[in-house]
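Heads up, the thing below is written out as structure tokens.
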């Protein structure tokens with residue numbers, strides 16, 4: 001087994017165990033660029049997930065050209081693309 005594969009598996013196992021413990025104990029945990037936070041609700045943050053800035057700018061420009069319609073009910077309000 002190569003060193004990089006071994007390190008990758010070690011990080012993967014560490015991440016898996018840490019996230020499982022975080023979920024079961026309702027505590028925040030951070031492993032590398034992945035952060036699982038339980039406050040104010042359970043969510044996961046992956047830093048530097050998209051590293052190509054031109055892709056992000058292109059995606060932003062494309063999304064800003066879409067027409068959004070407001071939808072709402074008693075529980076929530078959101079914008080929807082038709």
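The values are calculated or read from the model by the stated rules, or taken from the named source; none is laboratory data. Quick caveat: nothing in here was measured; it's all calculated off a predicted structure. All Cβ positions, glycine included, derive from the backbone under ideal geometry; neighbour counts span all protein chains shown.
So is residue 49 within 19 Å of the chain's Cα centre (by Cα), exposed (fewer than 10 other Cβ atoms within 10 Å of the Cβ) and at pLDDT 80 or above or not? Spell out the reasoning first.
On the way: within 19 Å of the chain's Cα centre (by Cα): yes; exposed (fewer than 10 other Cβ atoms within 10 Å of the Cβ): yes; at pLDDT 80 or above: yes.
Yes; evaluated as a whole, the condition is true for this residue.
Filtered by the rule that a residue be under 21 Å from residue 13 (Cβ atoms) and in a loop (DSSP other than H, G, I, E, B), the range 24-38 gives 27, 28, 32, 33.
Would you say residue 67 is under 17 Å from the mean Cα position of the chain (by Cα) and at negative phi?
Details: under 17 Å from the mean Cα position of the chain (by Cα): no; at negative phi: yes.
So residue 67 fails the test.
Scanning the range 51-65 for any residue that is farther than 30 Å from residue 16 by Cα, free of Cβ contacts under 8 Å to residues at least 12 places away in the same chain and either part of a loop (DSSP other than H, G, I, E, B) or touching a strand residue (DSSP E or B) at 6+ places or on another chain (Cβ under 7 Å) (or both) turns up at least one such residue. Residue 80 meets the conditions (1) assigned to a strand (DSSP E or B); (2) farther than 30 Å from residue 17 by Cα; (3) free of Cβ contacts under 8 Å to residues at least 12 places away in the same chain in every case but one. The failed one is (3).
For the structure I just gave you, tell me whether residue 41 is at pLDDT 70 or above and in a loop (DSSP other than H, G, I, E, B). Walk me through how you get there before you give the answer.
Values: at pLDDT 70 or above: yes; in a loop (DSSP other than H, G, I, E, B): yes.
Yes; evaluated as a whole, the condition is true for this residue.
For the residues 29, 81, 56, the requirement of being modelled with pLDDT under 85 and surrounded by 10 or more Cβ atoms within 10 Å (Cβ to Cβ) singles out 29.
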